[in-house]
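J.: Quick one: the structure is below, questions incoming.
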Amino acid sequence: MAAMTDRLFSDHLLAALDAEEQAMVARVRALCRDVFGPQAATVARRDVFAWDTFRTLAREGIVGTAFPREYGGTDARQVLRIRIIEELGRVCSTSASMITGTDLSARAVVAGASPALRAELLPRLCTGEIQTAFALTETGAGSDVRGLASRARRDGDGYILNGGKKFITRATTADWLMVIARLEDGDGFIGLLVARDAPGVHISAEVGKLGWFGVPISTLAFTDVRVPATHRLGEEGDGFALAQDALLRARIGHAAMALGRAIGAVEIAATYACDRSTFGKPLGSHQGVQWMLADMVTQIEASRALVHVAAQKYDRGDADTATFASMAKLHATDLCMKVVTDALQLTGGRGYLQDFPLERFFRDAKLNQIGEGASEVHKTVIGRDVARRAASAERNPCLRDGPLTEY
Ligand SMILES: Cc1cc2nc3c(=O)[nH]c(=O)nc-3n(C[C@H](O)[C@H](O)[C@H](O)COP(=O)(O)OP(=O)(O)OC[C@H]3O[C@@H](n4cnc5c(N)ncnc54)[C@H](O)[C@@H]3O)c2cc1C
């Protein structure tokens, strides 16, 4: 299919999608042009849950892309979902984060709930009638989630949950909390789906933050909360794997969202470079500005290719998907922070105004480098993988036989 519009950024990656998938991207583009883009500044003015945005995403079937067809979703391939999330991220982090957040919070229900629980909840999650929140992080367990202190104890036909969670997105609007806890009398971790109104659940007031307005966060406390065994996700001991499975999808989504925002930032800066003249000529005619734009566009296209490969690997179920997801998230989110900073610089004082979108982009960019594993954690994952594989990897043919220490 030919490019949908004459954009600053290439549409070449759309060629990887079939006609139905391309039509979905076109629908999302139209929504961004007509609804999410024009409303983004208003939506992000206050950090309260953006119900209209969420309902539009659900009504238009965008929330449903995360869910299997048999429950009303479209089970979209990741190569499509990254295009959708990129489109949303280009104008509105609120809407993009609602889609990555749906993956994060509902994936364990798709992957680990009993058939009866799936049949009860997934159709309603697809339509946006109900929501879930993903509750992993704790005061003593952020980057290092194995430090979790929340604990679940077997008790008759259920579990007793105690502990607390921190930074939980959508806790105040979710009907169900997907909680990962340590098994008190067994090995490893357990995933439990906890009703928000279960006795012993306390959800704090929303906690103020820098950006990502429209998707507030809260703190959770659990005191002797009884959870029926029917609401266990997977088996006892599966909790960590369920969380990693959800995080894997959400990381690729974070990367796509960051790329969308970086694309939006360059579009805005490039438009400014056309509109503004300094020292007798258009800003965009100065070589220093052209070089900045060239670096931004080149790096973004390289990063889009990496994120696309990570999504393809996810769709194929390749063994090295997690490493590529880490590379994609690391590269795209760090790049986004740099591009948004440079774009704001290029737009001068206007970039710093609340009325100008880059102020919002700048605040939103930071979280992509922290949530779903900070950049440094992903570097550790990638570097550990390289070091582990190096010993058995094909040697570079320039080398003599024997250990390199004998050179
Ligand atoms: C707005 C927002 C929304 C969130 N939503 C959710 C949610 O819905 N559910 C949920 O469970 N959690 C959520 N989180 C939590 C988020 O996932 C964590 O903040 C993140 O994983 C980092 O954990 P931490 O904040 O405890 O940082 P820490 O673990 O204290 O790490 C701090 C910093 O130290 C550095 N660092 C850490 N480890 C290493 C290392 N090994 N080597 C080098 N440097 C390192 C990194 O720079 C890191 O940013 C959210 C957080 C925010 C701010």
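J.: Over the Cα atoms of segment 132-238, what is the Rg over Rh ratio if Rh follows Kirkwood? Mind showing how you got there, number by number?
T.: Numbers: Rg = 13.3 Å, Rh = 13.8 Å.
Answer for segment 132-238: 0.96.
J.: Determine the relative contact order of segment 132-238: mean sequence separation of Cα pairs under 8 Å and six or more apart, normalised by residue count, in whole percent.
T.: Once normalised by length, the contact order is 31 percent.
J.: Ok, one more. Quick query: amide H of Val48 versus all other amide H atoms, modeled in the peptide plane; which residues come in under 5 Å with a sequence gap of 5 or more or a different chain?
T.: Residues meeting the criterion, in which the H sits 1.01 Å from N, are Gly214.
J.: In addition: Need the list of aspartates and glutamates near Lys366 for cross-linking: C-alpha distance under 18 angstrom, and skip anything on the same chain fewer than eight residues off.
T.: Straight-line reach from Lys366, under 18 Å: Asp47, Glu86, Asp334, Asp342, Glu376.
J.: Pop out the ³J(HN,Hα) list for segment 272-279 in order, Karplus 6.51 cos²θ - 1.76 cosθ + 1.60 with θ = phi - 60°, rounded to Hz; leave Gly and Pro as x.
T.: Values, residue by residue: 4, 5, 7, 6, 9, 10, 9, 6 Hz.
J.: How large is ³J(HN,Hα), in whole Hz, for each residue of segment 313-330 in order, when computed from phi with the Karplus curve 6.51 cos²θ - 1.76 cosθ + 1.60 and θ = phi - 60°, using x for Gly and Pro?
T.: With coefficients 6.51, -1.76 and 1.60, one gets 5, 4, 4, 7, x, 4, 5, 9, 4, 4, 5, 5, 5, 5, 5, 4, 5, 4 Hz.
J.: Averaged over all directions, how much area does the convex hull of the C-alpha atoms of segment 51-128 cover when projected, in nm²?
T.: Approximately 4.7 nm², given one-decimal rounding.
J.: With a cut-off of at most 13 other beta carbons within 10 Å, and DSSP calling the residue loop, which chymotrypsin sites (Phe, Trp or Tyr not before Pro) in segment 187-218 qualify? Please list them.
T.: Numbers: sites: Phe189, Trp212, Phe213; in loops: Trp212, Phe213.
In loop regions of segment 187-218 (DSSP not H, G, I, E or B), there are no sparsely surrounded chymotrypsin sites (Phe, Trp or Tyr not before Pro).
J.: When only alpha-carbon atoms count, how far does segment 1-92 stretch along each of its three principal axes, as whole angstroms with the largest first?
T.: Projected onto the principal axes, the Cα atoms of segment 1-92 cover 38, 38, 17 Å.
J.: Additional query: Which of Val266, Val307 has the fewest other C-beta atoms within 10 Å, and how do the rest follow up to the most?
T.: Ordered by Cβ neighbours within 10 Å, fewest first: Val266, Val307.
J.: Explain nothing, just the number: dipole magnitude of the chain about its Cα centre with +1 on each Lys and Arg Cβ and -1 on each Asp and Glu Cβ, in debye rounded to the nearest 20. Write out the running numbers ahead of the final one.
T.: Values: 48 positive and 49 negative charges, 143 e Å.
Magnitude of the dipole: close to 680 debye.
J.: Expressed as an acute angle from 0 to 90° and rounded to the nearest 10, what is the orientation of the C-alpha long axis of helix 78-91 relative to the principal long axis of the chain?
T.: 60 degrees
J.: List the residues, sorted by chain then number, that are 5 or more residues from Tyr159 or on another chain and whose placed amide H is less than 5 Å from its amide H.
T.: It is Val227, Ala229, by chain and number.
J.: Quick one: the Cα spread of the chain along its three principal axes, in angstroms, biggest first?
T.: 79, 66, 41
J.: In segment 118-190, which trypsin sites (Lys or Arg not before Pro) fall in coil by DSSP and have 15 or fewer other Cβ atoms within 10 Å?
T.: Within segment 118-190, no trypsin sites (Lys or Arg not before Pro) qualify (loop, at most 15 other Cβ atoms within 10 Å).
J.: Determine, for Glu87, Glu70, the number of other Cβ atoms within 10 Å of each Cβ, and report the residues in order from fewest to most.
T.: Numbers: Glu87 28, Glu70 11.
Arranged by neighbour count, lowest to highest, Glu87, Glu70 become Glu70, Glu87.
J.: From the cross-link list Lys281/Lys329; Lys165/Lys379; Lys209/Lys313; Lys209/Lys281, which pairs have alpha carbons spaced over 30 Å apart?
T.: Over 30 Å Cα-Cα: Lys281/Lys329; Lys209/Lys313; Lys209/Lys281.
J.: Counting other C-beta atoms within 10 Å, which of Phe279, Phe324 has the fewest, and how do the rest follow? Can you show the working numbers first?
T.: Details: Phe279 7, Phe324 21.
Listing Phe279, Phe324 from fewest to most nearby Cβ atoms yields Phe279, Phe324.
J.: Now, a different point. Could you tell me whether segment 227-369 comes out rounded, prolate or oblate from its Cα gyration tensor? Rule is a ≥ b ≥ c as square roots of the eigenvalues, rounded for a/c under 1.5, then prolate if a/b exceeds b/c, otherwise oblate.
T.: On the way: a/c = 4.55, a/b = 2.29, b/c = 1.99.
Prolate.
J.: Please list, in chain and number order, the residues 5+ apart from Leu233 or on another chain whose amide H is under 5 Å from its amide H, with Hs placed from the backbone.
T.: Gly191, Leu192, Leu193
J.: While we're looking at this one, here's another question. Select from Gly163, Gly280, Gly147 the residue whose mean-square fluctuation is largest in a Gaussian network model of the chain (Cα-Cα springs shorter than 10 Å).
T.: The residue that fluctuates most here is Gly280.
J.: Given only helices, namely DSSP H runs of n ≥ 4 each adding -39500 (n - 2.57), what is the per-residue ellipticity at 222 nm of the chain, to the nearest 500 deg cm²/dmol?
T.: -16500 deg cm²/dmol
J.: Please list, in order along segment 15-31, the HN-Hα scalar couplings obtained from phi with the Karplus expression 6.51 cos²θ - 1.76 cosθ + 1.60 (θ = phi - 60°), rounded to whole Hz, x for Gly and Pro.
T.: 4, 6, 9, 7, 4, 5, 5, 5, 5, 5, 4, 4, 5, 5, 4, 5, 5
J.: While we're on this one: Enter the Cα centre distance for the pair segment 271-304 and segment 1-56, rounded to the nearest angstrom.
T.: Segment 271-304 and segment 1-56 have Cα centres spaced 24 Å from each other.
Every read-out reported here was derived from the displayed coordinates using simple, explicitly stated rules and does not represent laboratory data. Here the structure is a predicted model, which means the values were calculated and not measured. In this analysis, Cβ positions are derived from the backbone assuming ideal geometry, glycine residues included, and neighbour counts consider all displayed protein chains.
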